[in-house]
Structure formats: structure tokens, C-alpha cells
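The values are calculated or read from the model by the stated rules, or taken from the named source; none is laboratory data. Since the model is a prediction, treat every value here as computed from it, not as a measurement. With ideal geometry, Cβ positions are generated from the backbone for all residues, glycine too; neighbour counts draw on all protein chains shown. In case anyone asks, the SASA skips ligands and DNA or RNA and just uses the protein heavy atoms, side chains included. Shrake-Rupley method; radii C 1.70, N 1.55, O 1.52, S 1.80 Å.
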Amino acid sequence: MTADRVDQLIAAWERELPAVLHPTTELTKRLLLLAAAVDESTRAVLPELGLTMAEFDVLGTLRRSGEPCRMKPTELSRSLLLSSGGTSNVVNQLANRGLVVREPDPEDGRGTQIQLTDEGVAMAEKAVLAGAAAHAEVWADVPAEVLEAATTALRALHRAV
């Protein structure tokens, strides 16, 4: 088997400073490289849609919330792991483009909710489909049984962590 970037990195640390290596080092490096490849594939399709990664995340989060595709700003921020100010800035950008609107919260007259417009729903679906296709391309050469085994193993790791 041919050595890859991670094998080379591990070999270099084994030679230079073996104490830096732990049983999880190789797994961590491989996960980081795979995550970067998936992230890069998503980022590559966004410019043609005129979206930033933050806008993509907001649109996708609102769309997957189900009809009527709206959330309270605090719920949206929590879901995105963004500050309320960061979420507000992205929502402002999307509102200026007509992709979302701020509506009064029917349950709390003082609050608001962020809702996708019809154009926002269409853009969210277009963006999510483009992202999913880009992700599928990343994994295109991986046999189905390897994907299934990796998914099962990663699910167990995720639960343990």
C-alpha cells in the first residue's frame, strides 16, 4: 500500500517526537482531512449560487425546520452555533435579498421569527441539493460497503465522545 499524507505525517512524528503521537492521532488527522474535503466541496458550489457559508447554513437550517420554515432568532443562533449578533448580520443580508422576512412571533407579541420567503425556500433547496451533490462527488469512488462501515464506526465514535 502506498503511503499517503497522514502516513507520512505519522512517520515524521515517530522519527522526530514520538511522544506527540497517541492512539487517536491517525484517526484525528484523517477525520480533519476528510472534513476539509467535504467543506471544500460545499464552498465550491456556493459562489455560483451567490451565497456565503453562513447564508447557506441559515437557509438550510430554516428549510429543514419544516413548514412554515421559520424559527425564533435565539433558536436559529443555537442551531447554528453562532452568536446572536452574527446570526442577525446574516439574517439582515438574506432579508435584503428577499430570501427571509422577520415576522411577529404569534406566541410572543414582543418577539420575532425569521421565515423563509418562497424565493428563500427555492434558494435553500437549490443550495442544499447542490451541496449534497458535491458531497456525493467527494465519496464517489468509495465502495458502498466501505461507506457503510465507516458510517457505523463514526456513529459509535460520536456516541462515545
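Here G109, G66, G98 are screened, and the one residue that is exposed (fewer than 12 other Cβ atoms within 10 Å of the Cβ) and on the phi > 0 side of the Ramachandran plot is G66.
Among residues of region 38-55 being part of a helix (DSSP H, G or I) and exposed (fewer than 14 other Cβ atoms within 10 Å of the Cβ), the one that is farthest from the chain's Cα centre (by Cα) is E48.
Every residue, every condition in (1) assigned to a helix (DSSP H, G or I); (2) in contact with a Pro (Cβ under 7 Å, 6 or more places away or on another chain); (3) open to solvent by 50 Å² or more (accessible area, probe 1.4 Å); (4) at pLDDT 95 or above, yes or no:
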{"site": "Q113", "(1), (2), (3), (4)": "no, no, no, no"}
{"site": "G120", "(1), (2), (3), (4)": "yes, no, no, yes"}
{"site": "L147", "(1), (2), (3), (4)": "yes, no, yes, yes"}
{"site": "R155", "(1), (2), (3), (4)": "yes, no, yes, yes"}
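Selection of region 123-132 for residues being out of contact with any helix residue (DSSP H, G or I) (no Cβ under 6 Å at 6 or more places or on another chain) and open to solvent by 60 Å² or more (accessible area, probe 1.4 Å) yields E125, K126, L129. One residue alone among V58, V90 is under 28 Å from T151 (Cβ atoms), assigned to a helix (DSSP H, G or I) and of a type in the set (V, I, T), and that residue is V58.
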